[in-house]
Amino acid sequence: MSYRVHSIFFLCLSLTLGSVWSQGSPQDAFILQYLERRLAQVEERLSICEQSTAGVTQKTYDLSSEIRSYLSTLGILRSEVRSQVDSVSVRLERVERELEYLENKIPPQSNIEMEEALLEQQIQAAELDQLQKKARIKVEKDCNKALSEIKSLKIVKKTGDTHGCWFKDPTEGSAKVYLLSGIRNRTLVEYPSLRSFTDRTATPQATVLQLPFQWQGTGHVVYNGFIFYHKADTPNQIMKVDLLNGTVVDSTLLPGAGRLPVYSLNPNTYLDLAVDELGLWVIHADPEYEGNLVITKLDKGNLAVEYTWDTRCRSRDAEGAFLICGTLYVVYNTRYGGRSTIQCFYDIRDTVHRDESPVMFFPKRYTSHSSIHYHPGDKQLYAWDDGYQTIYRVETQRHDQVTVE
């Protein structure tokens, strides 16, 4: 509006000056020219001022909008803080009520001492029960044998993957041979006998069984018509499956197992099951025990833990292990492959015990085992050697006849 008034004013002034210009003297004309220039300059400054005023007005409007937005956000934050304060207040009141309730419920000191004494008695009873179980393993299942020599090597066949396991059912009277190829699968191949396993023309043919769940690693066994294996995608679950109908009979979670591989040279095996003259075992490594091997005796019926032993045998550079009469023998090698040796063993009876273990050499074959299973009836080791199924014949002696080197 002010700009229009100024424009009309300057227009009228120009017309007046123009009239004077047409009627005045040269001196008057000069003055009029000067006034016109000054008026033009004033008009230009007024235009700039008008533009600046419009810009300031827009900035003021934007600032006002931003302040309104901040005020709205502050209102929301204030509501949230008030809500949180109310919630904390409610929780404090609840805690006060619970503390008051607990104060009224805490038993007298004499009752606490009685409960501690009862708990100590229960712990002692549990320890005594474990010792009794260990004693039963020693007495009821006496087995006075120890490995003295690995005599010979026989390559039976080459089939399947580089890693795998094969074995016979150690149950008395059973001649069936089982093969599990690879480190993860659910296929189990069953042969009626060792002859049918080696002879492709023999009849009847092999039976292919699909297990309910996949297995992992190479530490599985078949015992009395049941397969015991490490269930894949679980750290420490052991499955027991009936091979007659393929149904799961039982399963268990082995405490403390499955946190690192049993043997550093077989990184895919976390639980290694074994069978000897005393029954069913599990070999695993314990990171809380310097990574050394641990052996656990299982009840083959319900998979209950009977007893656990911590050994001094290291997992590092180990490729496999087996048990004979309750004595663990650990097989070592190099990561490049070479001649396998037994450099450490552990006897649960402490009848053969020494800090320095004698070294026992396997017959020369410069590869590495992915699994070794002992058959207590045949007195043989069934090993998987770089895809070759091999058998080692072993000799045992009485514990008191084993030579200490």
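The values are calculated or read from the model by the stated rules, or taken from the named source; none is laboratory data. Everything numeric here is computed off the predicted structure, so don't read it as measured data. As a convention, Cβ positions derive from the backbone with ideal geometry for all residues, glycine included, and neighbour counts pool all protein chains shown.
Any idea how many residues of the stretch 306-352 are among the aliphatic types (A, V, I, L, M) and within 16 Å of ALA285 (Cα to Cα)? Reasoning before the result, please.
So the first thing to find is which residues in the stretch 306-352 are among the aliphatic types (A, V, I, L, M), and the list is 318, 321, 323-324, 328, 330-331, 342, 348, 352.
Now drop any that are not within 16 Å of ALA285 (Cα to Cα), which leaves 318, 321, 323, 328, 330-331.
Final tally of qualifying residues: 6.
Residues in the stretch 143-189 that are outside any strand (DSSP E or B) and either hydrophobic (A, V, I, L, M, F, W, C) or touching a strand residue (DSSP E or B) at 6+ places or on another chain (Cβ under 9 Å) (or both): how many? Even if it seems obvious, please write down each step before you answer.
First, the residues of the stretch 143-189 that are outside any strand (DSSP E or B): 143-145, 159-163, 169-176, 182-183.
Adding the requirement that they be either hydrophobic (A, V, I, L, M, F, W, C) or touching a strand residue (DSSP E or B) at 6+ places or on another chain (Cβ under 9 Å) (or both) leaves 143, 145, 159-163, 169-171, 174-176, 182-183.
Residues flagged as outside any strand (DSSP E or B) and either hydrophobic (A, V, I, L, M, F, W, C) or touching a strand residue (DSSP E or B) at 6+ places or on another chain (Cβ under 9 Å) (or both) within the stretch 143-189 amount to 15.
Six or more apart or on different chains, Cβ under 7 Å: which pairs go from a residue in the stretch 362-376 that's over 24 Å from PRO261 (Cα atoms) to one that's surrounded by fewer than 19 Cβ atoms within 10 Å (Cβ to Cβ)? Could you list them?
Within 7 Å, the pairs are PRO363/SER152; PRO363/LEU153; LYS364/ARG339; ARG365/LEU153; PRO376/GLU277.
Among the residues of the stretch 389-405, write down those that are modelled with pLDDT under 90 and surrounded by 15 or more Cβ atoms within 10 Å (Cβ to Cβ).
Within the stretch 389-405, THR396, HIS399, VAL402 qualify.
For every residue, the table says whether it meets (1) in contact with a Gly (Cβ under 9 Å, 6 or more places away or on another chain); (2) among the hydroxyl-bearing types (Ser, Thr, Tyr); (3) closer than 19 Å to SER174 by Cβ; (4) in the same structural domain as PHE322 (by TED's automatic domain parsing).
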site	(1), (2), (3), (4)
PRO192	no, no, yes, yes
ARG195	no, no, yes, yes
THR198	no, yes, yes, yes
THR201	no, yes, no, yes
GLN214	no, no, no, yes
VAL222	no, no, yes, yes
